[in-house]
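*Asks:* To start, I am sharing the structure in question, which I have written as structure tokens.
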């Protein structure tokens, strides 16, 4: 049996952000309609807090696909030649269970995560939102800039992270790529105070965003923290906002941004308004007023990876991209 291998550069070519926005919207809507199955991710924490090894399986009914993402997460890789998220996405077909493809997970994760935030920004941010604050200056900051630019008429971007040199490098590269006013901020507060949209894409385990800095009408995509003990938003920011999540079950078990304020008594069990997919299919209302603060808490879901892989596989076959290898999977006559 032949299996298609799609490398990092090929994933970027086959999953452009504009297309991924549509793929993510369809996947989240399918999840909200009950057309997807996925357990909570399984995470093996490595000794000494060095990193984690995670497995994220899912099944989609439409489009019909089975898949799993297997990754390592090493936050200490920030600022090195290695991505913090590395691994592979395996795509299977649903008729015979054949393995169809193995794809780079770093690039899929970078693109699909930002695309989901782009979808959230499109449906939750004010239509005229034009000022973006990026807290973080790594891979996700770059892809989030790409995604938000596709859904809102940005005229100004402010970038902050704890490493000023890294921010300077990010700003220089972003200015070359986009004709836009992109400036470094001396502090997270300076970046956020006049922002219409805020994306927190750091590896911090402690809050980098305070609710007191947010002006009325701001939308926040909280992305970087994905375990119970870590958060990027303080309790005041969460308590002041109407909160939406990618999936309720995941948020109730994994989102430190919500679990810590709940443990402090700042919010109740009913603080989450709904899932992003429920907003997309009209089951739950999104933004109600020009002045309310909205938060989308993103954890990342296996259905997003499987939907991305299905799209990449179709495009790769049509374009003749990727490398085919003989792996097996047929009945072995020798027993």
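*Asks:* Do the conditions hold for residue 168, that is, is it outside any loop (DSSP other than H, G, I, E, B), modelled with pLDDT of 95 or more, under 21 Å from the mean Cα position of the chain (by Cα) and surrounded by fewer than 23 Cβ atoms within 10 Å (Cβ to Cβ)?
*Replies:* On the way: outside any loop (DSSP other than H, G, I, E, B): yes; modelled with pLDDT of 95 or more: yes; under 21 Å from the mean Cα position of the chain (by Cα): no; surrounded by fewer than 23 Cβ atoms within 10 Å (Cβ to Cβ): yes.
Spelling it out, it is not the case that residue 168 is outside any loop (DSSP other than H, G, I, E, B), modelled with pLDDT of 95 or more, under 21 Å from the mean Cα position of the chain (by Cα) and surrounded by fewer than 23 Cβ atoms within 10 Å (Cβ to Cβ).
*Asks:* Residues that are in the same structural domain as residue 171 (by TED's automatic domain parsing), buried (at least 24 other Cβ atoms within 10 Å of the Cβ) and assigned to a helix (DSSP H, G or I): does segment 133-140 have at least one?
*Replies:* Within segment 133-140 (the criterion being in the same structural domain as residue 171 (by TED's automatic domain parsing), buried (at least 24 other Cβ atoms within 10 Å of the Cβ) and assigned to a helix (DSSP H, G or I)), the answer is yes, since at least one residue qualifies.
*Asks:* How many of the residues making up segment 112-141 are out of contact with any helix residue (DSSP H, G or I) (no Cβ under 7 Å at 6 or more places or on another chain), at pLDDT 95 or above and closer than 16 Å to residue 224 by Cβ? Spell out how you get there, then give the answer.
*Replies:* The initial filter retains those residues of segment 112-141 that are out of contact with any helix residue (DSSP H, G or I) (no Cβ under 7 Å at 6 or more places or on another chain), namely 124-131, 136, 138.
Right, trim to at pLDDT 95 or above and you get 124-131, 136.
If we keep only those that are closer than 16 Å to residue 224 by Cβ as well, we get 136.
Qualifying residue count, segment 112-141: 1.
*Asks:* Could you check residue 10 against (1) within 15 Å of the chain's Cα centre (by Cα); (2) surrounded by 16 or more Cβ atoms within 10 Å (Cβ to Cβ) and say which number it fails?
*Replies:* Here residue 10 clears every test but (1).
*Asks:* Okay, moving on. If residue 303 passes every condition in (1) without any contact (Cβ under 8 Å) to a residue 60 or more places away in the chain; (2) under 19 Å from the mean Cα position of the chain (by Cα) but one, which one does it miss?
*Replies:* (1)
*Asks:* Among the residues of segment 219-233, is any more than 27 Å from residue 78 (Cα to Cα) and at pLDDT 95 or above? Don't jump to the end; show me each part of the working.
*Replies:* The first filter runs over segment 219-233 and keeps only residues more than 27 Å from residue 78 (Cα to Cα), leaving none.
Within segment 219-233, not a single residue is more than 27 Å from residue 78 (Cα to Cα) and at pLDDT 95 or above.
*Asks:* Within segment 241-283, how many residues turn out to be free of Cβ contacts under 8 Å to residues at least 24 places away in the same chain and touching a strand residue (DSSP E or B) at 6+ places or on another chain (Cβ under 9 Å)?
*Replies:* Of all residues in segment 241-283, those free of Cβ contacts under 8 Å to residues at least 24 places away in the same chain come to 252, 262-263, 265, 268-270, 282.
Right, trim to touching a strand residue (DSSP E or B) at 6+ places or on another chain (Cβ under 9 Å) and you get 252.
The number of residues fulfilling the criteria is 1.
*Asks:* Tell me the strands (runs of 3 or more DSSP E) entirely within segment 13-76 that contain at least 2 residues that are in the same structural domain as residue 314 (by TED's automatic domain parsing) and at pLDDT 95 or above.
*Replies:* On the way: elements: 42-45, 52-60, 65-73.
It comes to 52-60, 65-73.
*Asks:* Which of the residues spanning segment 282-292 are surrounded by 14 or more Cβ atoms within 10 Å (Cβ to Cβ), under 25 Å from residue 249 (Cβ atoms) and over 20 Å from the mean Cα position of the chain (by Cα)?
*Replies:* Within segment 282-292, 284, 287 qualify.
*Asks:* Of the residues 150, 154, 145, which is touching a strand residue (DSSP E or B) at 6+ places or on another chain (Cβ under 6 Å) and either outside any loop (DSSP other than H, G, I, E, B) or over 18 Å from residue 111 (Cβ atoms) (or both)? So that I can check it myself, show each step before the final result.
*Replies:* Details: 150 fails: touching a strand residue (DSSP E or B) at 6+ places or on another chain (Cβ under 6 Å); 145 fails: touching a strand residue (DSSP E or B) at 6+ places or on another chain (Cβ under 6 Å).
Of the residues listed, the single one that is touching a strand residue (DSSP E or B) at 6+ places or on another chain (Cβ under 6 Å) and either outside any loop (DSSP other than H, G, I, E, B) or over 18 Å from residue 111 (Cβ atoms) (or both) is 154.
*Asks:* Can you report the number of residues in segment 77-105 which are surrounded by fewer than 21 Cβ atoms within 10 Å (Cβ to Cβ) and part of a helix (DSSP H, G or I)?
*Replies:* 1
*Asks:* Can you pull out the residues in segment 115-130 that are surrounded by 20 or more Cβ atoms within 10 Å (Cβ to Cβ), under 12 Å from residue 153 (Cα atoms) and under 20 Å from the mean Cα position of the chain (by Cα)?
*Replies:* 121, 125
The values are calculated or read from the model by the stated rules, or taken from the named source; none is laboratory data. Being a predicted model, the structure only gives us computed values, none of them experimental. Reconstructed Cβ throughout: ideal geometry from the backbone, glycine too, with neighbour counts over all protein chains shown.
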